[in-house]
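First the structure, in the form of structure tokens, and then the observations on it.
Readers should treat all values here as calculations from the given coordinates under stated rules, not as data from a laboratory. Keep in mind that this is a model prediction, so the values were computed, not measured. Every residue, glycine among them, receives a Cβ derived from its backbone with ideal geometry; neighbour counts consider all protein chains shown.
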Amino acid sequence: MNIPIVLGLLVAAYLIGSIPTALWVGKWFFGLDIREHGSGNSGATNTFRVLGKRPGSVVMAIDVFKGWAATSLAMVMLNQGAIQAGNLLYFQLACGVLAVVGHIYPIYAGFRGGKGVATVLGMMLAIAPATVGVCILIFLAVLLLSRYVSLSSMAAGVAFALLQLLPPFRPDNSLLLVFGFVLAGLLIYTHRANIGRLRAGTESRVPLFGRK
């Protein structure tokens with residue numbers, strides 16, 4: 001293992017994840033701090049809620065790309081001979097998790113970020129694209145039916161874990177299966193406030209067909 005290359009790219013994964021997309025879009029184009037409006041989170045969901053579907057879509061796309069790009073740094077490690085092929089998944093997960101941590105605790109924004117759902121999506125897209133493709137369809141279906149991003153995110157996360165139990169989506173490495181269930185649990189935990197609002201009927205719906 002080439003430790004300098006590995007450590008450097010792990011730090012890079014965190015820094016990529018730390019890019020505060022929602023915060024910068026809000027400040028540069030709307031003159032506001034997204035963290036002072038809506039739910040107070042600096043993520044795609046709150047951007048949809050506060051700024052509308054176009055800014056929300058841009059923020060979501062960039063945050064997904066952050067997760068994908070950071071996770072893909074593990075392939076750079078492999079191509080540089082810094083890690084062995086058998087360890088690729090471990091470093092993909094490490095890079096992806098660091099990107100998610102960066103999104104939640106961004107160094108560029110006072111360590112106040114979002115919940116990391118879109119970044120997790122990008123991370124898993126780099127690791128298990130077929131499974132994630134189905135989860136994206138589930139996310140969109142729930143979103144179109146409910147207009148709740150939080151509910152759609154949780155549904156997609158749980159679906160990712162369950163899909164891996166089926167032969168067509170079962171991963172070669174059982175670590176990914178375990179990680180999928182841990183991820184689903186974390187998504188539900190981080191959305192516990194949203195679950196409360198959903199049960200109370202006070203959760204905000206995102207505009208899908210309105211002017212925003």
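Residue by residue, region 96-111 carries 3J(HN,Hα) couplings of x, 5, 5, 5, 5, 4, x, 5, 6, 10, x, 5, 7, 9, x, 6 Hz when phi is fed to the Karplus relation 6.51 cos²θ - 1.76 cosθ + 1.60 (θ = phi - 60°); x denotes Gly or Pro.
Compactness of the chain, taken as the C-alpha radius of gyration over 2.2 N^0.38 Å, stands at 1.02. Put simply, the amide H of E203, placed in the peptide plane, has neighbours under 5 Å in L198, leaving out anything fewer than 5 places away on its chain. Applying the Karplus relation 6.51 cos²θ - 1.76 cosθ + 1.60 with θ = phi - 60° to region 140-156 yields 3J(HN,Hα) values of 5, 5, 5, 5, 5, 7, 10, 6, 9, 5, 4, 5, 5, 5, 5, 4, 5 Hz, where x marks Gly and Pro. Here the gap between E36 and N173, fully extended at 0.36 nm per residue and compared with their Cα-Cα distance, gives a gain of 45.1 nm. For region 74-80, putting each phi into the Karplus relation 6.51 cos²θ - 1.76 cosθ + 1.60 with θ = phi - 60° gives couplings of 5, 5, 5, 4, 5, 5, 8 Hz, in residue order, rounded to whole numbers and with x for Gly and Pro. The label-point distance for A141 and L88, in a model that sets each label 7 Å from Cα toward Cβ, rounds to 3.1 nm.
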